[in-house]
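Written out below as structure tokens is the structure these notes cover.
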Amino acid sequence: MKKIAKIIILSFLIFNNVIAEERDNELNNLFKQLKNSENTKAIEIENKIWKIWITHPSEDRRGYRLTELLSQGSLLINQRKLNKAYILFSQIILEDPKWPEAWNKRATVLYMMGKFEESQNDIKKVLKLEKRHFGALSGQGLVQTKLKNYNKAIESYKEVLKIYPSMQAPKVMIPRLKKLIKEQTI
């Protein structure tokens, strides 16, 4: 019986590693395409990346449950039930602190609650887990703008453009931020 259990566990681990490798390969391919795509095509690629990010990486019952919880939390954000969303995303993070999108969603909620430093802390976790997370980098630009750290905001948006050159938010925000910096020096 122990031998069968070991075989089942080993098979499960190998299966999950193959899925993780496929997911990473797909993301790598999409990011290469994103870097070289123009507006409409880039938005299609962006949507594919988001679909991967909002789906928990493990394809087991736990992964499906966490994906569903993330979806419920997003619905709570849309309903402006920010405290409930915060609690839900915190629960997801406790269960899987290596899932970047749980951190990103909580960072969004914290930003919406006006807790900018806490939001920035969660964004740092996202970027540690997924350095190409253009959503977190763009969010970091917003947080740094609220904190009046305009140069840091510009740097965040420049990082976004390295990953996602046709994204519009950085193209709008960088000139605005430069204008704010210029006005501060007058």
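The values are calculated or read from the model by the stated rules, or taken from the named source; none is laboratory data. Just so it is clear, the structure is predicted and the values come from calculations on it, not from any experiment. Cβ: placed from backbone, ideal geometry, glycine included. Neighbour counts: every protein chain shown.
Of a type in the set (D, E, K, R), free of Cβ contacts under 8 Å to residues at least 24 places away in the same chain, surrounded by fewer than 19 Cβ atoms within 10 Å (Cβ to Cβ) and not in a helix (DSSP H, G or I): does that describe Lys148? Steps first, answer last, please.
On the way: of a type in the set (D, E, K, R): yes; free of Cβ contacts under 8 Å to residues at least 24 places away in the same chain: yes; surrounded by fewer than 19 Cβ atoms within 10 Å (Cβ to Cβ): yes; not in a helix (DSSP H, G or I): yes.
Spelling it out, Lys148 is indeed of a type in the set (D, E, K, R), free of Cβ contacts under 8 Å to residues at least 24 places away in the same chain, surrounded by fewer than 19 Cβ atoms within 10 Å (Cβ to Cβ) and not in a helix (DSSP H, G or I).
Take the residues in the range 62-73 that are of a type in the set (Ser, Thr, Tyr) and surrounded by fewer than 17 Cβ atoms within 10 Å (Cβ to Cβ), then tell me which one is modelled with the highest pLDDT.
Applying the filter and picking the extreme gives Ser71.
Answer yes if at least one residue in the range 2-24 is modelled with pLDDT of 95 or more and either among the acidic types (Asp, Glu) or not in a helix (DSSP H, G or I) (or both), and no otherwise.
Scanning the range 2-24, I find no residue that is modelled with pLDDT of 95 or more and either among the acidic types (Asp, Glu) or not in a helix (DSSP H, G or I) (or both), so the answer is no.
Does the range 50-59 include one or more residues that are surrounded by fewer than 17 Cβ atoms within 10 Å (Cβ to Cβ), at pLDDT 95 or above, touching a helix residue (DSSP H, G or I) at 6+ places or on another chain (Cβ under 9 Å) and in a helix (DSSP H, G or I)?
Taking every residue of the range 50-59 in turn, at least one turns out to be surrounded by fewer than 17 Cβ atoms within 10 Å (Cβ to Cβ), at pLDDT 95 or above, touching a helix residue (DSSP H, G or I) at 6+ places or on another chain (Cβ under 9 Å) and in a helix (DSSP H, G or I).
Can you pull out the residues in the range 99-116 that are over 12 Å from the mean Cα position of the chain (by Cα) and among the charged types (D, E, K, R)?
Of the residues in the range 99-116, the ones over 12 Å from the mean Cα position of the chain (by Cα) are 109-116.
Passing the criteria: only Lys115.
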